[in-house]
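Accompanying notes for the structure given below.
The values are calculated or read from the model by the stated rules, or taken from the named source; none is laboratory data. For clarity, every value in this text was computed on a predicted model and none was experimentally measured. A quick note on method: Cβ atoms are made from the backbone with ideal geometry, for glycine too, and the neighbour counts reach across all protein chains shown.
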Amino acid sequence: MTKQHVVQRLLSGRGGRLRDSGSAFAPANIALVKYWGKRDEALNLPVTSSLSVSLGTLGTHTSVRLNQRPSDAYWLNSRRVPAGSDTALRLRTYLDLFRPPGCSFEVRTRNTIPTAAGLASSASAFAALALALDRLFGWRLDPTQLSVLARLGSGSACRSLFEGFAEWRAGRRADGMDSHAVPLKERWPELRLGLLMVSARKKSISSRAAMKRTVETSPLYSAWPAAVRRDLRALRKAIGARDFPTFGKIAESNALSMHATMHAARPPVNYWLPASVEAMEQVWALRAEGGEVYFTMDAGPNLKLLFEDREAAAIRAAFPKLRVVAPFASAPERSRR
Ligand code: PMV
């Protein structure tokens, strides 16, 4: 099964009316129970389900047009993306799935995630692109189908179709039509995420390559799927009960377990810098003094702190450079420094 087959299945019989352009926004998302490992490399089908929270107004705005120029043109934050770069290649490969004969695409993208926050933006980028293409071509896909389409660009992008909590159900089908995110009805207005930047350096190894190496060589990986199933059950329960300490403990432990599988890979995969470990120690020290703060980490050295509004002043005092996001707050107060 190839991505082209999946796209044909999704779009068959969808005539649609072509517009001049299609525009959309999608939020970034942070996984609380992580996606780590694929059962199908080509289609980005995961070994396990995962659960994330979206970052409100922090994400990607994208607009896309078709024209007859000889090649595609991409802009990111008003800068032209160099033709031979990894980003351009990834975009072109994805857009080829939808390209009408003889046409080129013009894609303009603006990230509201501060570049310095060190957040991976491929999730919001591919979710916004899938939505923008739907509007350009007039397909009128539903959110589930759009989630499948976004997944073909980047696995975690399937969760960025939704606000708030989203669960990516791993699914079982070979074509992945049942592997998409669903929104959770629960909201948690007091929940805060603190984006803690420890380094802006480009990551040493892509999440795609790191995942593959971990699955293939880490002796700890065999324990991961069962751990995720347990964590997912417990996290859903903690969200339902608004039990913050349990919520934080599960998210932190799940992230550390994911990094442990990487550290045991051969050769090892390590995203931690000395400053990452220092920040972890600082979080644990705050907890030892009674503070309720936890962290999660992805394929990079930066931490995302988890806490509730009532702890915000103490956490900001401990981490003065923290960018605080309120994923469930009303639009104007969603994201503030
Ligand atoms: O979607 P990708 O290929 O960028 O992988 C994302 C992997 C993690 O961010 C580490 C975990 C996750 O669930 O988002």
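Values for this structure:
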read-out	value
Any hit, the stretch 71-78, residues being of a type outside the set (Phe, Trp, Tyr), in contact with a strand residue (DSSP E or B) (Cβ under 7 Å, 6 or more places away or on another chain) and over 18 Å from residue 126 (Cα atoms)	yes
Wholly enclosed strands (runs of 3 or more DSSP E) of the stretch 47-125 bearing at least 3 residues modelled with pLDDT of 95 or more, of a type in the set (Gly, Ala, Ser) and buried (at least 22 other Cβ atoms within 10 Å of the Cβ)	50-67
Which numbered condition residue 248 misses (of (1) touching a Ser or Thr at 6+ places or on another chain (Cβ under 8 Å); (2) within 14 Å of residue 32 (Cα to Cα))	(1)
Subset of the stretch 53-80 that is within 16 Å of the ligand (Cβ to nearest atom) and hydroxyl-bearing (Ser, Thr, Tyr) - its residue that is farthest from residue 152 (Cα to Cα)	54
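Table: residues versus (1) acidic (Asp, Glu); (2) away from the ligand (no atom under 16 Å from the Cβ).
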residue: 40; (1), (2): yes, no
residue: 51; (1), (2): no, no
residue: 89; (1), (2): no, no
residue: 94; (1), (2): no, no
residue: 97; (1), (2): no, yes
